[in-house]
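Taking it in order: structure first as structure tokens, then the write-up.
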Amino acid sequence: MRRVAILSYGLTKVEKHWRKSLRELFGDAAKEALKETKIPGLDALIVGNMCASDLSDQNNIGALLADHLGIIPSTAYRVEAACGSGGAAVLAAYASVASGMYNFVMTGGVEKLTDGVGGETTRSLGKAADAEYELFFGSSFVSLNALIMNHYMHVYHVSREAFADLAVLMHKNGARNPYAQLPFEITRETVLNSEKIADPITLYDCAPVGDGAAAIIMCPLEDAPKYSDNFVEISGVAGATDTINISSRSDLLSLNSTVVAADKAYKMAKVTPADIDVAEIHDTFTITGALSIEDLGFSEKGKFNKLLSDGAFEPGGVVTINPSGGLKSRGHPVGATGSYQVAEVTMQLMGRAGRMQVPNAEAGLTQNIGGSGSSTYVAILRRAR
Amino acid sequence: MSVPRYWREIPERSRLEASKCATCGNVIYPNRARCAKCGSDSIEPYRLPERGKLLTFTVVRNPPRGFEKMAPFVLGIIELEDGSRLMTQITDVMPGEVTIGMPLEAVLRKVSEDGDSGIIEYAIKFRPTF
Ligand SMILES: [Zn+2]
């Protein structure tokens, strides 16, 4: 297999882009990525998206975007793995370059949630779960994670406040991110006093609903210096799955897809969690963030709150978690979230993260989840200048 | 929901019909093509126990479309007497009276209806044991 580099990235601010269509949104991110590199053309476009067929009445996203970008007849297709679509697309793009099949590939993701009206968006997002055995009973993405959070608090005797503190840190980070949907600081009380959704989850435990697009251009590492003077290596990448139905898991408090994908990616990159300087992790809800921190190996199980209160996850701590603000504050443009994460860690390793910059970041990790942990995609990136 | 889809899921959702791996004894619910523990595709019918205890729950206050009239309602994961688990609604109890570990039993109840002209969907919920 060939080693693979990321040459450039482009991303839009996450927000309610009422005036932009699905294709225009991706076009904005893709143009920015193309502007930053001198490649002769794109062999393929592999894009993540979850909800376009429900909310924008659009399938065949690959051809739609290839046409919009003026790159036809290049190969183009969409990858769908619910909220993990972006991460799955990164894996597919990596494999296509590493294998030698393509030299220049654009991956990325786009999501246009605000095209949904009424309850359409919640319903569409819920389809990440098991429609026949979970949604049927009136559950949603939020209530399934509430079941996990209640169980966590009961088993590990961790207070509800600890989860609120994770949201506070995310907003503190996101306040420095020009691309964030909710770039403002909050307090523990903001979270505790926000609207109850599904106990114990309140509104400020949840990622907001927003639109966004991100694009990333990859090529073989050995050719990268020809096309860019600042690039990053993808040194490890892996995906793994778990039961789609959360009640079928023997341990509700471990995201086994994350444990397995992270282990594979760490081994592939020949690093350990201690080598990671910066991580963009998948905190759809504060409980998802807590489980992810633990299952990626940044904390013992049941103890994320201890390291959190010690400042281990803040800029300057042991590992900076979500300098972007994560899904909580940067936002969660579902099928694009995994692409945002990879673009953000690339930005960090290129030293271009501005007020979000983690000093001397050498190695970074991204973790993108589909469903309530039914799939996870992990990538490990290394500074290559 | 289409009538054929509702109809074909009746055994699992309304009669607790699960399956068991004939090779290793693993209980499988919902049904799957192969056993996740040992890989065997030799699967036998098996009926889940109707009693268990509450492993975890949530009170849904902001419900999905179609469940507005029921809110707040309780969803729970029940650990059955044989150790297997399933998720459904917890019924016949005030949300504030639900506790982790409480003993529960299966009962057939209405879950939802598809508007004025659609089908009415029934399935097993769990209620506190008498
Ligand atoms: Zn078996």
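Listed here are the residues, each with its yes/no results for (1) more than 13 Å from chain B (Cβ to nearest Cβ); (2) among the acidic types (Asp, Glu).
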{"site": "A:Phe137", "(1), (2)": "no, no"}
{"site": "A:Asn145", "(1), (2)": "no, no"}
{"site": "A:His151", "(1), (2)": "no, no"}
{"site": "A:His171", "(1), (2)": "yes, no"}
{"site": "A:Gly174", "(1), (2)": "yes, no"}
{"site": "A:Asn177", "(1), (2)": "yes, no"}
{"site": "A:Gln181", "(1), (2)": "yes, no"}
{"site": "A:Glu189", "(1), (2)": "yes, yes"}
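Of the residues making up region A:355-384, those that are within 13 Å of the chain's Cα centre (by Cα), open to solvent by 10 Å² or more (accessible area, probe 1.4 Å) and over 15 Å from A:Leu255 (Cβ atoms) number 0.
Return the residue satisfying two criteria in turn: it lies in region A:58-116 and is open to solvent by 50 Å² or more (accessible area, probe 1.4 Å) and touching a Ser or Thr at 6+ places or on another chain (Cβ under 6 Å), and of such residues it is nearest to A:His282 (Cα to Cα). Result: A:Asp115. Selection of first residues in region B:37-59 that are within 14 Å of chain A (Cβ to nearest Cβ) and free of Cβ contacts under 8 Å to residues at least 60 places away in the same chain and of second residues that are hydrophobic (A, V, I, L, M, F, W, C) and within 16 Å of the ligand (Cβ to nearest atom), restricted to Cβ pairs under 6 Å at least 6 apart or on distinct chains, gives the following pairs, ordered by first then second residue: B:Lys37/B:Cys24; B:Leu48/B:Ala18.
Is it fair to say A:Ile216 is at the interface with chain B (Cβ under 10 Å from one of its Cβ atoms) and not hydroxyl-bearing (Ser, Thr, Tyr)?
no
State whether one or more residues within region A:161-183 are without any contact (Cβ under 8 Å) to a residue 12 or more places away in the chain and open to solvent by 10 Å² or more (accessible area, probe 1.4 Å).
no
Quick check, is A:Glu233 in contact with a helix residue (DSSP H, G or I) (Cβ under 9 Å, 6 or more places away or on another chain), charged (D, E, K, R), modelled with pLDDT of 95 or more and open to solvent by 10 Å² or more (accessible area, probe 1.4 Å)? When the stated conditions are applied, A:Glu233 passes them.
Residues that are away from the ligand (no atom under 16 Å from the Cβ) and under 25 Å from A:Lys127 (Cα atoms) number at least 3 in the following strands (runs of 3 or more DSSP E) confined to region B:1-71: B:51-60.
Restricting attention to region A:191-204, the residues being under 20 Å from A:Asn322 (Cα atoms) and more than 14 Å from every other protein chain (Cβ to nearest Cβ) number 1.
Within region B:75-97, the residues that satisfy the criterion of being more than 9 Å from chain A (Cβ to nearest Cβ) and under 17 Å from B:Pro128 (Cβ atoms) are B:Glu79, B:Leu80, B:Glu81, B:Ile90, B:Thr91, B:Asp92, B:Val93, B:Met94, B:Gly96, B:Glu97. Each residue in region A:119-135 was checked for being more than 7 Å from chain B (Cβ to nearest Cβ), part of a loop (DSSP other than H, G, I, E, B) and not acidic (Asp, Glu), and 4 pass. Listed by first and then second residue, the pairs with beta-carbon distance under 7 Å, at least 6 apart or on different chains, first residue in region B:61-83 and farther than 30 Å from B:Asn26 by Cα, second hydroxyl-bearing (Ser, Thr, Tyr) and open to solvent by 50 Å² or more (accessible area, probe 1.4 Å), are B:Pro64/A:Thr122. In the set (1) in a strand (DSSP E or B); (2) more than 14 Å from the chain's Cα centre (by Cα), the condition left unmet by A:Gln348 is number (1).
The values are calculated or read from the model by the stated rules, or taken from the named source; none is laboratory data. Bear in mind that the values here come from a model prediction, so they are computed numbers and not experimental data. Please note: Cβ atoms are built from the backbone with ideal geometry, for glycine as well, and neighbour counts cover all protein chains shown. All accessible areas refer to the heavy atoms of the entire protein, side chains included, with ligands and DNA or RNA removed. Shrake-Rupley method; radii C 1.70, N 1.55, O 1.52, S 1.80 Å.
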